[in-house]
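Notes to accompany the following structure.
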Amino acid sequence: MNPPEPSRPAAPRALAATLRRGAAALALVLAALPAAFQGAGSTVASPALRTLAPAAPPGDAEARLAGVQRLVESARLTEAMAQAEQLVADYPNFALARLAWANLLAIRAGGGAPLGDAASAARDAGRERLKELQSEARLRARAWADRPAPGAVPAAFVQLAPGVRHAIAVDTARSRLYVFENTRQGPRLVADYYVSIGREGTSKAVEGDLRTPLGVYHVTSRLDPRRLDDLYGSGALPINYPSAWDSLQGRTGSGIWVHGTPGEQFARAPLATDGCIAVPNPDMVRLAALAEPGRTPVLIGTDLAWTPARGVAAAPGPAGFQRDFQAWHTAKGAGELPRYMGFYAADFRPAGRQSRPWREALEAEARALDGRGVEIKDVSVFHWRDAVAGADVVLAHFGEVPAGRRAGQTKRQYWVKRGAGWQIVAEEVAR
């Protein structure tokens, strides 16, 4: 239902006064969005996904909301109202835009009450919903006020293999998802979106705790939106939680996805999911088109640390890791079993069921090479601090092909610092 028509505009002086009061109220929703906001429109991958996209270009809703704010700050109320009305028409389920429009109507009518105090807004949304929208507004504002420096990438991205076309990073403290294109010059930020996370926050530990996991994962599949419930909107990208590292820590749970939003919602509240990451449907369409199962990494962290891209491209990673990783590779290929097995920690845990003890299985795998060597290719390296486990973790994701063979396996190894060197504590074959 559309908001009621505004009453007769106040006299110019009164209107100017209410604009000054109302602009501050509207800023709670719109403040800190950039003056040079860039939309994130793109080509939709398939007709099936295209049918779920709105008529307006994907990714431009925040840009237009920022434009409304700029017009309000310039006291161009008529233009601001026209743009806000069109934004609501294009995105009728964008609750934050509707609330901004309602506030503009109140200003135009001579109100200027702080956001959320207007009686009409309270009747439409309810007190709790208004609190959720204010929280969403603050998180959007924080993300744009504290944007990554040009060319910066998450410090966790030590190395991305050339075959990795895109990488995803989620900053849960800002409710923001960042998309990077992997170029010859290093990862380049190409888009970022508001997201929702688990109702109980982060650091998932057990099934049903309503928390979002922290760490580095990979997209495992891309689900057709036509086969999903409306809850998941325009698509879903499952990730490999719990990873072999999570299992080593005793963490349980399943069904952690990056997915869209229900049809009646443009965006969900910041803390609204059962542990998944929910992305507005227009943005999810683009994200689903870019993600590649088995290749696209998904970093999930809180208050991500950033570093210049050039540093990442040249960085050897955590001190000593590249040395130990190369030594492990050489020892395995040469069949030097004592040295090779020394890289596996006493508490090492292989993923999945094993038909024989893990030491025996690893030694047999090395012996089968018969000293002919093994090729390691397409190596990606990620490094993060697992605060709950109290450990610095390195994930090495790579292809392993025994000499003389045309194909091999893709593996994920989890390394931690033990004494003067690094050791493998968990390993899994990527599916």
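Return the residue satisfying two criteria in turn: it lies in the stretch 340-357 and is at pLDDT 90 or above and either outside the structural domain of residue 412 (by TED's automatic domain parsing) or over 17 Å from residue 327 (Cβ atoms) (or both), and of such residues it is surrounded by the most Cβ atoms within 10 Å (Cβ to Cβ).
Among them, the one singled out is 347.
Just to be sure I understand, how many residues within the stretch 275-306 are in contact with a helix residue (DSSP H, G or I) (Cβ under 8 Å, 6 or more places away or on another chain) and either among the hydroxyl-bearing types (Ser, Thr, Tyr) or closer than 21 Å to residue 159 by Cβ (or both)?
Total meeting the criteria: 1.
Regarding residue 216, is this residue among the aliphatic types (A, V, I, L, M), over 15 Å from the mean Cα position of the chain (by Cα) and either in the same structural domain as residue 275 (by TED's automatic domain parsing) or not in a strand (DSSP E or B) (or both)?
No.
Please state which of the following conditions residue 256 fails to meet, knowing it meets all the rest: (1) of a type in the set (A, V, I, L, M); (2) at pLDDT 95 or above; (3) crowded, with 20+ Cβ neighbours inside 10 Å; (4) touching a Leu at 6+ places or on another chain (Cβ under 9 Å).
In the conditions (1) of a type in the set (A, V, I, L, M); (2) at pLDDT 95 or above; (3) crowded, with 20+ Cβ neighbours inside 10 Å; (4) touching a Leu at 6+ places or on another chain (Cβ under 9 Å), residue 256 misses (4) alone.
Only one of 203, 254 is of a type in the set (Gly, Ala, Ser), under 19 Å from the mean Cα position of the chain (by Cα), assigned by TED's automatic domain parsing to the domain that holds residue 283 and at positive phi; which?
From the options 203, 254, the qualifying one is 203.
Within the stretch 127-145, does at least one residue satisfy the condition of being part of a loop (DSSP other than H, G, I, E, B) and either modelled with pLDDT under 90 or closer than 30 Å to residue 307 by Cβ (or both)?
no
Give the residues of the stretch 183-201 that are under 24 Å from residue 240 (Cβ atoms), surrounded by 19 or more Cβ atoms within 10 Å (Cβ to Cβ) and in contact with a Lys or Arg (Cβ under 8 Å, 6 or more places away or on another chain), sorted by residue number.
Answer for the stretch 183-201, where residues must be under 24 Å from residue 240 (Cβ atoms), surrounded by 19 or more Cβ atoms within 10 Å (Cβ to Cβ) and in contact with a Lys or Arg (Cβ under 8 Å, 6 or more places away or on another chain): 191, 192, 193, 195, 196, 198.
Only one of (1) buried (at least 23 other Cβ atoms within 10 Å of the Cβ); (2) at pLDDT 95 or above fails for residue 282. Which number is that?
Result: residue 282 fails condition (2) only.
Which one of the conditions (1) surrounded by 16 or more Cβ atoms within 10 Å (Cβ to Cβ); (2) over 25 Å from residue 150 (Cβ atoms) does residue 221 fail to meet, given that it meets all the rest?
Residue 221 satisfies all of (1) surrounded by 16 or more Cβ atoms within 10 Å (Cβ to Cβ); (2) over 25 Å from residue 150 (Cβ atoms) except (1).
Specify the residue that is surrounded by the fewest Cβ atoms within 10 Å (Cβ to Cβ); the eligible residues are those in the stretch 125-147 that are within 30 Å of residue 181 (Cβ to Cβ), in contact (Cβ under 8 Å) with a residue 60 or more places away in the chain and of a type in the set (Gly, Ala, Ser).
The qualifying residue surrounded by the fewest Cβ atoms within 10 Å (Cβ to Cβ) is 145.
List, please: which pairs have Cβ atoms under 6 Å, are six or more places apart or on different chains, and start with a residue in the stretch 183-208 that is farther than 11 Å from residue 276 by Cα and end with one that is of a type in the set (D, E, K, R) and part of a strand (DSSP E or B)?
What qualifies is 188/181; 190/181; 192/176.
Quick test of your reading of the structure: residue 150 fulfils all but one of (1) touching a residue at least 40 places away in the same chain (Cβ under 8 Å); (2) part of a loop (DSSP other than H, G, I, E, B). Name the failing condition by number.
Failing condition for residue 150: (1).
The values are calculated or read from the model by the stated rules, or taken from the named source; none is laboratory data. If you're wondering where the values come from, they're calculated on a predicted model, not measured in any experiment. A quick note on method: Cβ atoms are made from the backbone with ideal geometry, for glycine too, and the neighbour counts reach across all protein chains shown.
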